[in-house]
Amino acid sequence: MTVGSLNRQRVLHLLDSFARGDIEAALACCTDDVDFLTHAPIDVLPHMVPRHGKQELRELWQTVWSRYSEIRYKAPHILAEGDEVATYMHAYFKKRSNDRVVQFDMAVFYSFRGGLVAQIREIIDSYDLVQQVLEREIGPLIIGARADGG
C-alpha cells in the first residue's frame, strides 16, 4: 500500500468518525497543532473562523454538532499523492431546529505529517450554503445593499 492510498483511507476514517458524531475519534486522526481554514462568510457563520490545534477544532466541531442532528457526505472524488489528499464532496447537514437538510458541495484538502492530518483547507459553495442556512434568497439583499451604496 502506498503512502497516498494509506492517507486516503485515513481521510475516509476521519470523515466517517465526524459524520457519526465521534469527534474524539476524528480528532485522533489529527496532529496536536492541526491547522483548519475554510473559505466561508464568517459574518453569517462566525464559528467558521480559522482554527489552530485540537481544542479549537474540537470547539468548532462541537458547535456544528450542536446545530445539526445528522451529517452525511458523499465523496465522489478523492485524489491522494504522498502526504496530500484532495476531496470533492457533497455534504448533507440536518438542522436540529426544524429538520431541514442543508446540502452543499465542498472541496477539502488535507496535508499529513507523521501519518496524521496536520492541515485542513475547505472551499465551500458559500453563496448557496448561506441561503440555505438563513432559509432565504440573498440575491435581493446583495443588490439592495449595492443600490444603497453598501
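The values are calculated or read from the model by the stated rules, or taken from the named source; none is laboratory data. Fair warning: this is a prediction, and the values are worked out from it, not measured in the lab. Glycine also receives a Cβ, built like all others from the backbone with ideal geometry; neighbour counts cover every protein chain displayed.
A compact table of results
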| quantity | calculated |
| --- | --- |
| Search result, residues across the range 103-136 that are surrounded by 19 or more Cβ atoms within 10 Å (Cβ to Cβ), of a type in the set (F, W, Y) and either modelled with pLDDT of 95 or more or within 13 Å of N7 (Cα to Cα) (or both) | Y110, F112 |
| Condition met for I23 (of a type outside the set (K, R), modelled with pLDDT under 95 and on the phi < 0 side of the Ramachandran plot) | no |
| Among the residues listed as D32, D83, the single one being among the acidic types (D, E), modelled with pLDDT of 95 or more and either within 19 Å of D105 (Cα to Cα) or in contact with a Phe, Trp or Tyr (Cβ under 9 Å, 6 or more places away or on another chain) (or both) | D83 |
| Subset of the range 68-90 (residues that are out of contact with any strand residue (DSSP E or B) (no Cβ under 9 Å at 6 or more places or on another chain) and in a loop (DSSP other than H, G, I, E, B)) | none |
| Residue within the range 89-102 that is buried (at least 16 other Cβ atoms within 10 Å of the Cβ) and under 23 Å from T31 (Cβ atoms) present | yes |
| Output for the range 38-65, where each listed residue is in a strand (DSSP E or B), buried (at least 16 other Cβ atoms within 10 Å of the Cβ) and modelled with pLDDT of 95 or more | R51 |
| Meets criteria (under 12 Å from the mean Cα position of the chain (by Cα) and among the hydroxyl-bearing types (S, T, Y)) for Y68 | no |
| For F36: the one exception among (1) of a type outside the set (D, E, K, R); (2) more than 13 Å from V64 (Cβ to Cβ); (3) in contact with a helix residue (DSSP H, G or I) (Cβ under 6 Å, 6 or more places away or on another chain); (4) touching a residue at least 40 places away in the same chain (Cβ under 8 Å) | (2) |
| Residue in the range 12-25 that is over 14 Å from the mean Cα position of the chain (by Cα), under 23 Å from G82 (Cβ atoms) and assigned to a strand (DSSP E or B) present | no |
| Some residue of the range 26-36 being in contact with a Leu (Cβ under 8 Å, 6 or more places away or on another chain), small (G, A, S) and within 14 Å of V117 (Cα to Cα) | yes |
